[in-house]
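Reviewing the structure listed below.
The values are calculated or read from the model by the stated rules, or taken from the named source; none is laboratory data. These figures come from a predicted structure and were not determined experimentally. No Cβ is skipped: glycine too gets one built from the backbone with ideal geometry, and neighbour counts run over all protein chains shown. Note: accessible area is taken over every heavy atom of the protein model, side chains too, but ligands, DNA and RNA are not part of it. Shrake-Rupley method; radii C 1.70, N 1.55, O 1.52, S 1.80 Å.
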Amino acid sequence: MKCIYCGNAESKVVDSRSTDDGNSIRRRRECLQCGKRFTTYEVIESTPVLVVKNDGTRQPFDPIKVKNGVIKSCEKRPVAIREIDALVQSVEKAVYNSLEQEISSQKIGELVMDRLKTLDQIAYVRFASVYRDFRDVSTFIEFINDFK
């Protein structure tokens, strides 16, 4: 790590600790040439995952969008925010563990629906009604009958 004061490439780590969010490590370093101290942060480099939408466009995976969809489907339901966060974290983990650089929006929807089905059945049906984009009542009733 290059010293920000003298440019020397040699330094030693004096202190190392995790940041509050747990996503990076803060390191206090001391330059071996000038003796001055400086701070660096080490973060995990992640390859961005692109979501392939139904129309073929691509955009970066955003867990916030997943969370907003789940929150909408859980409105006025007895589902705690920590349960929603756990669901979103589980979906996010599944997306990144797939090791794919692209994932379809349908696959993400299926991951959410699998988890919502066990969390809250009403929220599951609400999410499915938007995700599956039912065109008429008969296809919705068919879905409900298959769900039973």
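In region 120-132, the residues that are among the charged types (D, E, K, R) form Cβ pairs under 7 Å with partners that are open to solvent by 30 Å² or more (accessible area, probe 1.4 Å) and not in a helix (DSSP H, G or I), at six or more places apart or across chains, as follows: ASP120/ARG77. In region 28-58, of all residues being of a type in the set (D, E, K, R) and open to solvent by 50 Å² or more (accessible area, probe 1.4 Å), the one that is farthest from TYR5 (Cα to Cα) corresponds to ASP55.
Is there a residue in region 20-32 that is in contact with a helix residue (DSSP H, G or I) (Cβ under 7 Å, 6 or more places away or on another chain) and among the hydrophobic types (A, V, I, L, M, F, W, C)?
We begin by selecting, within region 20-32, every residue in contact with a helix residue (DSSP H, G or I) (Cβ under 7 Å, 6 or more places away or on another chain); these are none.
Checked region 20-32: no residue is in contact with a helix residue (DSSP H, G or I) (Cβ under 7 Å, 6 or more places away or on another chain) and among the hydrophobic types (A, V, I, L, M, F, W, C).
Residues in region 10-46 that are in a loop (DSSP other than H, G, I, E, B) and of a type in the set (Asp, Glu) were compared, and the one that is modelled with the lowest pLDDT is GLU45. Close Cβ contacts (under 7 Å, 6 or more residues apart or on different chains) running from residues in region 78-91 that are over 12 Å from ALA123 (Cβ atoms) and β-branched (Val, Ile, Thr) to residues that are assigned to a helix (DSSP H, G or I) and open to solvent by 10 Å² or more (accessible area, probe 1.4 Å) comprise VAL88/PRO63; VAL88/VAL66; VAL88/LYS67; VAL91/VAL66; VAL91/ILE108; VAL91/LEU111; VAL91/ARG115. Of the residues screened, LYS12 is not one that is free of Cβ contacts under 8 Å to residues at least 60 places away in the same chain, under 23 Å from TYR124 (Cα atoms) and open to solvent by 50 Å² or more (accessible area, probe 1.4 Å).
Being in contact with a helix residue (DSSP H, G or I) (Cβ under 6 Å, 6 or more places away or on another chain) and among the hydrophobic types (A, V, I, L, M, F, W, C) is true for just one of VAL125, VAL88, VAL95. Which residue is that?
VAL88
Only a single item in (1) over 28 Å from GLN101 (Cβ atoms); (2) outside any loop (DSSP other than H, G, I, E, B); (3) open to solvent by 70 Å² or more (accessible area, probe 1.4 Å) is not met by MET1, and it is number (2).
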